[in-house]
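Some notes on the structure that comes next.
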Amino acid sequence: MRIAIGSFVQESQFFSPVKGAWQHFGPEQIARGRAMLDAAAGTRSEVAGAMDVAARRGIRLVPLLRAMSSSSSAPIVREVYESIRDELLARLREAIAEPLDGVLMVMHGAMSAEGYDDATGDVLQRVREIIGPRTPLVATLDLHANITRLMCEAADGLVGYLTFPHVDLYETGARGMQLLLDAAAGKIKPVTVMAKLPMIIPAENAQTTHGVIHDLLLTAQTHLTEPGILDISIFPMQPWMDAPEAGCAVVVVADEAQHRRAEEVAVQLADTWWRRREEHRVELAPTEQTIAEALASERKPWVLADSADAPSSGAPGDSTVTLKALLDAQPAKDCYTNIVDPQAVAAMIEAGVGSEVTVSLGACSGTTLYRPVSVSGRVRLISDGAFVHKGEGLRGATMHRGRTVVLQAGRVHIVVMERACIQWDPELYRSVGLEPMDAQIVIVKSPAGFRAAYSPFAAEIRVLDAPGVCTPNLTTLPYARIPRPMWPFDPMDDWRTAP
Ligand SMILES: [Zn+2]
């Protein structure tokens, strides 16, 4: 049996000032052919999970291309998107010169590009056109995917992460490959149905460790014991998707004969979710007051999430709001924070390790939500910025944030980076000599993904109320293209009456 595997992953943040561009898809972010499998081997990624299932069954994989954006951003520039997509499709056309028994696509599901609101659906549809109607196609997705009708039609199966913080990338890849191989072997004929909810929810309060989504997943487990119900995913769409088909979704993959039952199950789960939607509202901590409280505390570290500037959500990572609040507090205890500013990095490298400098930091993305801050301090360390994730979610994956400098201003230690990167892992600090367990305050720019690695040692975790393009105060964001009515913007009793 020959199975092709490809991947194109980006998460679009429609309110970000930074478009997806080649800077997000540099040489480290794209692996072609065999290099795709070599890079994934031994990691906890979806591709690794899929590879291991295939290996156990003695299946030969035909690797196409893996492109993964270094961070979320606004939708991808059209030329960049089409160039990557078309190379992936060209490789698929080459692969299909010999008979192909199935295709697994590792996607995010909330990827957009200029002219392509649903870029995931676009890729899957084009893959379908190449392989024809009978060759099975399964896609794996992030839990924050925006599921569309096109995606459900193009793929035989859609399989999403079941965890947030995301710690089951590997397992999701394995589930996807399992489903695909069963379909390729003719054991099942999967169909995918969804119940789409007119609802946008903040990422800060949509974890799978407790609460509504946790409970929905438990109920889903019981349905998976029913004959012909093959897979169930719950998709609380990432909230910064200003697109015509935006909304949360329940997806059920079933054997063709159980199509009707799959629809019933999806609607039942959606009903429960809708009834409990108010539980997703987030309580935010006022920034200055919380920093004062943390500094006065006997216990440490306080891990304070500036989720409004989370690069994993598509923010530029250059917010000065928490930096300024920390500097103003003139702490007598060590505090760690981080910020993106390539010009300041260059200036500090020029000055050299050990030198005293005054630099302007942050607000370099052109936002008007906050202003640059002038900081005087000592250049403590210069690094190439690469670090390896050690926490569960992305274990083994190397993060590239460009050249990185640690600037110390009093007791505030600032990690200044050329590029934004995902902030799930304490290695962001440890890799440059800063141990988060020893700090009184650690700022992380992440809505919830950081909890998996930080919760075991954090004395206290709070989500700060700070301005930024990824604010969980959704009603303050300039949505213009989502369908209406939509919760929490419009009053609405029944989700099924939505258009
Ligand atoms: Zn996600």
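The values are calculated or read from the model by the stated rules, or taken from the named source; none is laboratory data. Note that the coordinates shown come from a computational prediction; the quantities given were computed from them, not determined experimentally. Don't worry about glycine lacking a Cβ; one is built from the backbone with ideal geometry, like all the others, and counts go over all protein chains shown. In case anyone asks, the SASA skips ligands and DNA or RNA and just uses the protein heavy atoms, side chains included. Shrake-Rupley method; radii C 1.70, N 1.55, O 1.52, S 1.80 Å.
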Every pair of residues 6+ apart whose Cβ atoms lie under 9 Å, when the first sits in segment 125-140 and is farther than 20 Å from Asp182 by Cα while the second is at pLDDT 95 or above and assigned to a loop (DSSP other than H, G, I, E, B)
Ile130/Ile96
Search result, residues across segment 2-19 that are more than 16 Å from the ligand (Cβ to nearest atom) and at pLDDT below 95:
Phe15, Pro17, Val18, Lys19
Taking segment 435-460 and keeping residues touching a Leu at 6+ places or on another chain (Cβ under 8 Å) and in a strand (DSSP E or B) leaves Ile441, Val442, Ile443, Val444
Residues in segment 317-346 that are in a helix (DSSP H, G or I), open to solvent by 50 Å² or more (accessible area, probe 1.4 Å) and of a type in the set (Gly, Ala, Ser): how many?
0
Every residue in segment 141-173 that is away from the ligand (no atom under 14 Å from the Cβ), under 21 Å from Ile213 (Cα atoms) and open to solvent by 10 Å² or more (accessible area, probe 1.4 Å), please.
Tyr170, Glu171
Out of Ala74, Ala97, which single residue is free of Cβ contacts under 8 Å to residues at least 60 places away in the same chain and either in a strand (DSSP E or B) or in the same structural domain as Arg175 (by TED's automatic domain parsing) (or both)?
Ala97
What pairs come up if the first residue lies in segment 352-366 and is of a type in the set (S, T, N, Q), the second is open to solvent by 30 Å² or more (accessible area, probe 1.4 Å), and their beta carbons are under 6 Å apart, counting only those six or more places apart or on different chains?
Thr358/Ser376; Ser360/Pro372; Ser360/Ser374; Ser365/Pro17; Ser365/Val18
Might you check whether a residue that is within 16 Å of the ligand (Cβ to nearest atom), buried (at least 20 other Cβ atoms within 10 Å of the Cβ), in contact (Cβ under 8 Å) with a residue 40 or more places away in the chain and in a loop (DSSP other than H, G, I, E, B) occurs anywhere in segment 184-201?
yes
Scan segment 285-316 for residues that are closer than 18 Å to Gln238 by Cα and either open to solvent by 10 Å² or more (accessible area, probe 1.4 Å) or not assigned by TED's automatic domain parsing to the domain that holds Arg462 (or both) and jot them down.
Ser312, Pro316
Pick from segment 209-231, criterion touching a residue at least 12 places away in the same chain (Cβ under 8 Å) and farther than 14 Å from Trp273 by Cα, ranking: nearest to the chain's Cα centre (by Cα)
Thr209
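The rows are residues; the columns are (1) surrounded by 22 or more Cβ atoms within 10 Å (Cβ to Cβ); (2) at pLDDT 95 or above; (3) part of a loop (DSSP other than H, G, I, E, B); (4) out of contact with any helix residue (DSSP H, G or I) (no Cβ under 7 Å at 6 or more places or on another chain).
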residue	(1), (2), (3), (4)
Ile382	no, yes, no, no
Lys390	no, no, yes, no
Arg395	no, no, yes, yes
Leu407	yes, yes, no, no
His413	yes, yes, no, yes
Val416	yes, yes, no, no
Trp424	yes, no, yes, no
